[in-house]
1. Roughly what percent of Cα-Cα pairs across the stretch 94-179 reach past 15 Å?
2. Can you pull the Kirkwood radius for the stretch 126-221, inverse mean 1/r over Cα pairs, to one decimal in Å?
3. So for the stretch 321-388, what percent of the C-alpha to C-alpha distances run longer than 13 Å?
4. Ranking request for peptides 422-430, 207-215: highest mean number of other beta-carbon atoms within 10 Å first, then the rest in descending order.
5. Give me the percent relative contact order of the stretch 158-216, please, defined on Cα pairs under 8 angstrom at least 6 residues apart.
6. When the chain is treated as a GNM, springs tying every alpha-carbon pair under 10 Å, which of 354, 288, 399 comes out with the largest mean-square fluctuation?
7. Over the Cα atoms of the stretch 2-117, what Rg and Dmax result, in angstrom?
8. By how many nm would the segment from residue 82 to residue 249 lengthen if fully extended, with 0.36 nm per residue of separation less the alpha-carbon distance?
């Protein structure tokens, strides 16, 4: 059964299903668009008699790949493809065939071109470029790689991920920084600006021609970076030491180790047993875990004083991992410290108030000013100065890079001097956290 009609939507909807005369399908050809027809299928559902299961538009022509034999090709299904769209597509196919172009090959090439275009757009999205930058930071094993990834994802990739990277303007960056400052996070705002500025510097000129951060000033956006001067008082050190005794593994001994060694948080909490040499009483932290990266990175030797050894030897050992400190079955990270730090502060405050009550003061008026984990290094450094440890030794204990010509020509490591300095600090710290009874009078030897 094949016939010609002027096809309309009403005509198409009224076409009976195939099968009424024994045929599985039949065709009706359009009188308006030559070689365009519809192929009507069998009944859709016995419960719905008279409704065709499928109506497909077909085009009958001699195609370039087989010009001797005219064949039918499906243009699309009626419904997703409207009648007018089918007529337009048939006319387009007619023109392509006249030029010797196979419509199927042309459509496939157009589909691939569109996919390439979409892929290029995705590759040039801010999210895709940011992911490449994060991989770059991780590949270089930068000390703050985890922090950079976390903050880029939270503050920049989340809102900008699908946008083309060249659509990010200075106003967009400024808005993120301003919102962070408004929340009272000025230090975080400086860090965020540093991350995004560095990302765009890395992206120029491969992914974007200009950096939106080039003309932005962190001083104008945020203000001067506040230089921290916080050190813990002797009473706070006493409260800290007392609190760490009650915290247990891993955070209690780790805070004690930070205070005794002046190590950075990441350097200490990511320590492993193979780095420890109990026989030589040394701990060598590899350059990959130190603050500097690349050629500037150097391993750092920590002398294991009696006080440090007492902490380390009391740590548990696990057969399935070689971490000094672990969070469950994984390596402890600096990002795990927000909740333990709050618990530590709460314990310290209780101790400080108990001390005030014992001394006849008002516990309600006692507060614990905000402090950061990094302030422990400043506290140790200050006490080393009070102990009259030479400047070079103090800097070596903190693993600070030597400035200027000293860093170029002087490679002495001060191993013995660092041990003496940390021993002296341990004695002073013990006098603070374990003060002698009030009836004990210290007798100082007279100087000659």
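Since every read-out is calculated from the coordinates, none of them should be taken as a lab result. Note that the coordinates shown come from a computational prediction; the quantities given were computed from them, not determined experimentally. Cβ: placed from backbone, ideal geometry, glycine included. Neighbour counts: every protein chain shown.
1. Numbers: 2547 of 3655 pairs.
Roughly 70 percent, rounded to a whole number.
2. 13.4
3. Numbers: 1701 of 2278 pairs.
Of the Cα pairs, 75 percent sit more than 13 Å apart.
4. Details: 422-430: 18.0, 207-215: 15.4.
The densest-packed peptide leads the list: 422-430, 207-215.
5. Working: 34 pairs, mean separation 24.4, N = 59.
Relative contact order, the stretch 158-216: 41 percent.
6. 354
7. That works out to 15.6, 49 Å for Rg and Dmax.
8. Values: separation 167, 0.36 × 167 = 60.12 nm, distance 7.02 nm.
The residue 82-residue 249 span can extend by a further 53.1 nm.
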